[in-house]
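The values are calculated or read from the model by the stated rules, or taken from the named source; none is laboratory data. Just so it is clear, the model here is predicted, and its values are computed rather than measured. Please note: Cβ atoms are built from the backbone with ideal geometry, for glycine as well, and neighbour counts cover all protein chains shown. Accessible surface is based on the protein model in full, side chains and every heavy atom, while ligands, DNA and RNA are left aside. Shrake-Rupley method; radii C 1.70, N 1.55, O 1.52, S 1.80 Å.
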Amino acid sequence: MKPLQGKVAVVAGGTRGAGRGIAVSLGEAGATVYVTGRTVRGQHSDMARQETIEETAELVTASGGVGIAVRVDHTQEEEVKAFFERVKAEQNGQIDLLVNDIWGGDPLTHWGTPFWEQPLADGLLMQERAIRTHMITSHYAVPLMVAQKKGLIIEITDGIDYRYRGNLYYSLAKISTIHLAASMAEDLRPHGVTALALTPGFLRSEAMLEHFGVTEETWREAVKQDKHFIMSETPAYIGRAVVALASDPAVAEKTGKTFSTWGLSDEYPFTDRDGSRPHWGNYAEEQGFYR
């Protein structure tokens, strides 16, 4: 029996990157996984990426789970509401896990520019895509979990604390998801539902591989361009971290807190795809990043 056989998960924002890695790992663990996003075959989003939610769902199924792709624009409340009504009808009200990984902020982030010199519209749209979407999604998912008196919500973020992340709007978006998890945890505590936040380290996503002009097979070549890439991790690493959390009968003890892939790999017996355990926390300390 696979650890998540019979479980129903929703990965909101599962088109690519961490979301795809999480969805596929949940499939490997036997779960039924609804994969949502805006990019479908023949209708791409303004992210101008080639990955689609259908591809992710197919990978979920190929890995041993059941992948179901549903196009949802999570900025549109009625689409989100209709989606969870569909899940309720198809799964008899069951939803065990919600992963909020909706982002869409990469093309809106202006690194190295003070906030007052950045386009305000980009900064505000980032908050719309990366915070408001999470709030709408949880609003319609949580009643199903409360009715079951169980469930797990994982907010995907960047970083484990409130320190500045190099861009005001980016920092606000990523810190807000941490606080969303902490705040939801308080309201959900009497109902048996757990909420927490989770961050990857240096994520070796499709976009990052393209940025460096390498593939997953040749990724080490990119270390010549950025030495810190040596400590990068595949999207499968955060996926396996999510599986470890969702499989833990004592996960409620973690409610309201923020976790990292590297920290959880110290606690649970999961590895990255190549059997390694990239530990961004130790590496960052050695490099003196946070002094």
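A few notes on this one:
- Failed item, numbered, when G281 is tested on (1) loosely packed, with under 14 Cβ neighbours inside 10 Å; (2) in a helix (DSSP H, G or I): (1)
- Of all residues making up the range 246-267, the number that are assigned to a loop (DSSP other than H, G, I, E, B), farther than 21 Å from D158 by Cβ and touching a Leu at 6+ places or on another chain (Cβ under 9 Å): 0
- None of S247, S171 is open to solvent by 40 Å² or more (accessible area, probe 1.4 Å), out of contact with any strand residue (DSSP E or B) (no Cβ under 8 Å at 6 or more places or on another chain), among the small types (G, A, S) and at negative phi except S247.
- Residue list for the range 20-36, filter: in contact with a strand residue (DSSP E or B) (Cβ under 7 Å, 6 or more places away or on another chain) and not aliphatic (A, V, I, L, M): G27, T32, Y34, T36
- Qualifying residue in the range 20-27 (condition: of a type in the set (D, E, K, R) and either crowded, with 21+ Cβ neighbours inside 10 Å or in a helix (DSSP H, G or I) (or both)): yes
- Hits in the range 139-163 - residues which are buried (at least 22 other Cβ atoms within 10 Å of the Cβ), without any contact (Cβ under 8 Å) to a residue 60 or more places away in the chain and of a type outside the set (V, I, T): M145, G151, E155
- Of S260, S232, all but one fail to be in contact with a Lys or Arg (Cβ under 6 Å, 6 or more places away or on another chain), touching a residue at least 24 places away in the same chain (Cβ under 8 Å), surrounded by 17 or more Cβ atoms within 10 Å (Cβ to Cβ) and not charged (D, E, K, R); the exception is S232.
- Failed condition for M208, given (1) touching a His at 6+ places or on another chain (Cβ under 8 Å); (2) closer than 22 Å to V35 by Cα: (1)
- All positions within the range 1-32 that are over 16 Å from the mean Cα position of the chain (by Cα) and of a type in the set (S, T, Y): T32
- Enumeration of residues in the range 33-53 that are of a type in the set (V, I, T) and either buried (at least 24 other Cβ atoms within 10 Å of the Cβ) or within 14 Å of the chain's Cα centre (by Cα) (or both): V33, V35, T36, I53
Rundown of residues vs (1) in contact with a helix residue (DSSP H, G or I) (Cβ under 6 Å, 6 or more places away or on another chain); (2) of a type in the set (S, T, N, Q); (3) more than 28 Å from Q5 (Cβ to Cβ), yes/no style:
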position: L209; (1), (2), (3): no, no, yes
position: F212; (1), (2), (3): yes, no, yes
position: T218; (1), (2), (3): no, yes, yes
position: A236; (1), (2), (3): yes, no, no
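- When T61 is tested against (1) open to solvent by less than 20 Å² (accessible area, probe 1.4 Å); (2) outside any loop (DSSP other than H, G, I, E, B), only condition (1) is not met.
- Candidate set: the range 197-221, residues that are in contact (Cβ under 8 Å) with a residue 12 or more places away in the chain and among the small types (G, A, S); chosen: the one least open to solvent (accessible area, probe 1.4 Å): A197
- G104 passes every criterion in (1) outside any helix (DSSP H, G or I); (2) within 23 Å of T194 (Cα to Cα) apart from (2).
- Picking from residues in the range 78-134 that are basic (K, R) and over 18 Å from the mean Cα position of the chain (by Cα), the one that is least open to solvent (accessible area, probe 1.4 Å) is K81.
- Subset of the range 238-264 (residues that are small (G, A, S) and touching a helix residue (DSSP H, G or I) at 6+ places or on another chain (Cβ under 7 Å)): G239, A241, A244, G256, S260, G263
- Taking the range 145-183 as the range and being assigned to a helix (DSSP H, G or I) and touching a Leu at 6+ places or on another chain (Cβ under 9 Å) as the test, the residues that pass are M145, V146, Y169, Y170, A181, A182.
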